[in-house]
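> Below is one structure. I have some questions about it.
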Amino acid sequence: MKNEQAILLTGGAGYIGSHTFVALHEAGFAPVILDDFSNSHPAVLDRLERITGRAPVLERGNVLDTAFVEAVLRRHRIAGVVHFAGSKAVGESVAQPLKYFGNNIGGAISLLRAMEAVFLGPGSWAPPTLVFSSSATVYGDPATVPITEDFPRSHTNPYGHTKLVIEDMLAAVRQAQPAWRVGVLRYFNPVGAHASGLIGEDPAGIPNNLMPYVTQVAVGLRPQLSVFGGDYPTPDGTGVRDYIHVDDLAAGHVAALRALSSGASFTVNLGTGQGYSVLQVVRAFEQASGRKVPYQVVARRAGDVAQCYADPSLAKRVLGWQARKGLEEMCADAWRWQSGNPKGYAT
Ligand code: NAD
Ligand code: UDP
């Protein structure tokens with residue numbers, strides 16, 4: 001894919017989308033954000049302008065509105081789409097499954113229909129090119145680690161189920177019409193923030209994920225961290241995950257779009273290949289921030305697996321991409337964002 005091409009980022013105002021916006025801008029692409037701000041804050045736009053020196057192009061609206069998405073694709077002569085938009089809270093997906101099937105699967109169908117009409121219809125200027133945000137959750141409880149892409153897939157909650165269904169839908173669409181170019185990226189655990197401290201993760205309500213919970217304890221918003229389970233079969237008994245700096249993840253999307261320009265579709269893990277336990281993260285964070293993070297070990301959280309980390313070698317081969325930033329940098333950057341913006345974008 002050549003530079004200056006317009007790339008549509010559905011959900012581009014969110015955590016991963018906003019960092020990918022910066023990475024694409026720096027790589028010479030022209031990213032366009034489509035977002036309804038259902039799980040993000042419009043203040044991110046001003047922050048993106050401060051980082052890139054240019055006001056972001058925004059199309060405010062819902063990806064479920066197929067006619068709107070189609071008009072956006074045409075208006076900006078979009079060359080490729082990265083589909084971040086969706087709902088992502090595992091617990092909420094158990095309580096409100098229809099919200100997840102509707103927004104995630106419905107959103108993907110709407111986007112695919114719009115892309116089909118534009119890129120496979122008369123007057124098309126590009127092949128249909130899509131990068132999809134999948135997740136390591138599609139591996140369920142892996143039999144062994146590290147995880148390669150050919151591991152069996154399963155799901156333990158409606159959120160994970162939607163990722164699995166969308167992966168299958170994309171495979172079927174590609175089989176029906178080989179012109180499609182599809183990159184499925186299975187993210188492991190994105191953490192950290194842009195080094196400027198201007199953009200970062202801003203969860204609504206009580207954070208579900210470890211790193212934002214840790215940073216909120218460190219900044220004094222919450223009294224202590226609950227460590228979910230101290231009796232896993234891991235070196236220190238706490239759960240092990242593959243934390244990846246969100247900037248590395250963002251770079252993976254640039255690499256994916258470039259790889260798709262040569263035509264081949266792929267499914268790859270985006271992780272570092274290194275697992276860290278909850279207590280290792282807490283210690284690294286304390287070191288990086290100079291703050292204590294009081295914690296208490298409590299019962300396991302339902303649905304959690306003991307260990308989950310990637311074999312990222314396929315991404316290196318296919319995309320020429322690998323993660324570069326270590327745990328120390330992830331913690332330092334997460335802390336810079338949280339301490340500079342104690343209440344997130346509403347600060
Ligand atoms: P996020 O919630 O910060 O970003 C998603 C964005 O999509 C938000 O800005 C939200 O307002 C928007 N959105 C949601 N539904 C929409 C709709 N119908 N129309 C238009 N906009 C809509 O989430 P994120 O952490 O940036 O995740 C991005 C993607 O990556 C999601 O698909 C998520 O499932 C996936 N993913 C995230 C993680 C993670 O830990 N953050 C891990 C694996 C996969
Ligand atoms: N975790 C924890 N306390 C929290 C949040 C998470 O101990 O408040 C643990 C969780 O059990 C897992 C790890 O931290 O072992 C990463 O959890 P997260 O929710 O961030 O990611 P995921 O479970 O989706 O991999």
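The values are calculated or read from the model by the stated rules, or taken from the named source; none is laboratory data. Note that the coordinates shown come from a computational prediction; the quantities given were computed from them, not determined experimentally. Cβ coordinates were reconstructed from backbone atoms using ideal geometry, including for glycine residues, and neighbour counts include every protein chain displayed. The area values use the complete protein model at the heavy-atom level, side chains included, leaving out ligands, DNA and RNA. Shrake-Rupley method; radii C 1.70, N 1.55, O 1.52, S 1.80 Å.
> Short version: ³J(HN,Hα) in whole Hz for each residue of region 145-154, in order, from phi by Karplus 6.51 cos²θ - 1.76 cosθ + 1.60 (θ = phi - 60°), x for Gly and Pro, what are they?
So the Karplus estimates, Gly and Pro as x, are 10, x, 9, 9, 5, 8, 4, x, 9, 7 Hz.
> Quick one: if you stick a label point 7 Å off each Cα along the C-beta vector at residue 177 and residue 296, how many nm between them?
Inter-label distance under the simple model: 5.6 nm.
> Enumerate the amide H contacts of residue 154 below 5 Å, restricted to partners 5 or more residues apart or on another chain; note that Pro and chain-start residues carry no placed amide H.
139, 140
> Let me ask something else. Work through the residues other than residue 198 whose Cβ is under 15 Å from its Cβ and net out their charges, Lys, Arg +1 and Asp, Glu -1. Please report the intermediate quantities before stating the final value.
Working: positive: 47, 50, 54, 336, 343; negative: 26, 46, 49, 201, 202, 247, 333.
Around residue 198, the surrounding residues sum to -2.
> For residue 59, list long-range residues whose amide hydrogen, built 1.01 Å from N in the peptide plane, is under 5 Å from its own amide hydrogen.
Counting only residues 5 or more places away or on other chains, the set is 33, 34, 35.
> Then there is this: Counting only residues 5 or more places away or on other chains, whose amide H sits under 5 Å from the amide H of residue 310 once H atoms are built in the peptide plane?
Here 147, 272, 273, 274 satisfy the definition.
> Now, a different point. In sequence order, what are the phi-derived ³J(HN,Hα) couplings for region 188-193 according to the Karplus relation 6.51 cos²θ - 1.76 cosθ + 1.60 with θ = phi - 60°, rounded to whole Hz, with x for glycine and proline?
Values, residue by residue: 8, 10, x, 9, x, 7 Hz.
> Decide, for region 59-197, between rounded, prolate and oblate: order the square roots of the alpha carbon gyration tensor eigenvalues as a ≥ b ≥ c, take rounded if a/c falls under 1.5, and otherwise choose prolate if a/b is larger than b/c, else oblate.
On the way: a/c = 1.68, a/b = 1.52, b/c = 1.10.
It is prolate, given that a/c is not under 1.5 and a/b is the larger ratio.
> Further question on the same structure: By DSSP, what percent of the beta bridges with both residues in the chain are antiparallel, rounded to the nearest 5? Numbers along the way, then the final one.
Values: 2 of 40 bridges.
Roughly 5 percent of the DSSP beta bridges within the chain come out antiparallel.
> Of all beta bridges DSSP finds with both residues in region 204-347, what is the antiparallel percent, to the nearest 5?
25 percent
> HN-Hα J couplings of region 35-41 from phi, Karplus 6.51/-1.76/1.60, θ = phi - 60°, integer Hz, Gly and Pro as x?
So the J values, rounded to whole Hz, are 7, 9, 6, 5, 9, 7, 10.
> Something else about it: Shape of region 43-92 from its Cα gyration tensor (a ≥ b ≥ c, root eigenvalues): rounded if a/c is under 1.5, otherwise prolate when a/b > b/c, or oblate?
Numbers: a/c = 2.19, a/b = 1.08, b/c = 2.03.
In terms of gyration-tensor shape, oblate.
> Residue 206 to residue 46: FRET efficiency via 1/(1 + (r/R0)^6), r the Cβ-Cβ distance, R0 30 Å, to the nearest 0.05? Please list the in-between numbers first.
Working: r = 26 Å, r/R0 = 0.88.
Using R0 = 30 Å, I get an efficiency of 0.70.
> Take residue 144 and residue 283, extend 7 Å from each Cα along the Cα→Cβ direction, and tell me the distance between the two endpoints in nm.
2.8 nm
> Tell me, in nm to one decimal, what length is gained between residue 264 and residue 60 on full extension, where the rule is 0.36 nm per residue of separation less the Cα-Cα distance? List each step's numbers first, then the result.
Numbers: separation 204, 0.36 × 204 = 73.44 nm, distance 3.14 nm.
So the chain would gain 70.3 nm between residue 264 and residue 60.
> In whole percent, what relative contact order does the chain give with Cα contacts below 8 Å and a gap of six or more residues?
Numbers: 691 pairs, mean separation 66.2, N = 347.
Once normalised by length, the contact order is 19 percent.
> Just the number, please: carbon plus sulfur as a percent of the accessible area of the chain, 1.4 Å probe, no ligands or DNA/RNA counted.
Details: 7260 of 14450 Å².
Taking all protein chains in place, the chain shows 50 percent carbon and sulfur surface.
> Between rounded, prolate and oblate, where does the chain land on the alpha carbon gyration tensor, with a ≥ b ≥ c its root eigenvalues, rounded for a/c under 1.5, else prolate if a/b exceeds b/c? Don't jump to the answer; show the numbers that get you there.
Working: a/c = 1.72, a/b = 1.40, b/c = 1.23.
Judged from the Cα gyration tensor, the chain comes out prolate (a/c at least 1.5, a/b above b/c).
> Springs between alpha-carbon atoms under 10 Å, Gaussian network over the chain: tell me which of 321, 337, 125 tops the mean-square fluctuations.
Maximum among the listed residues: 125.
> Excluding ligands, DNA and RNA, what is the solvent-accessible area per residue of the chain at a probe of 1.4 Å, expressed in Å²? Write down the numbers at each step before the final one.
Values: 14450 Å² over 347 residues.
Accessible area per residue: 42 Å².
> Helix by helix through the chain, keep the DSSP H runs that span 24 Å or more along the axis on Cα and average at least -1.0 on Kyte-Doolittle, and give those back in order.
158-176
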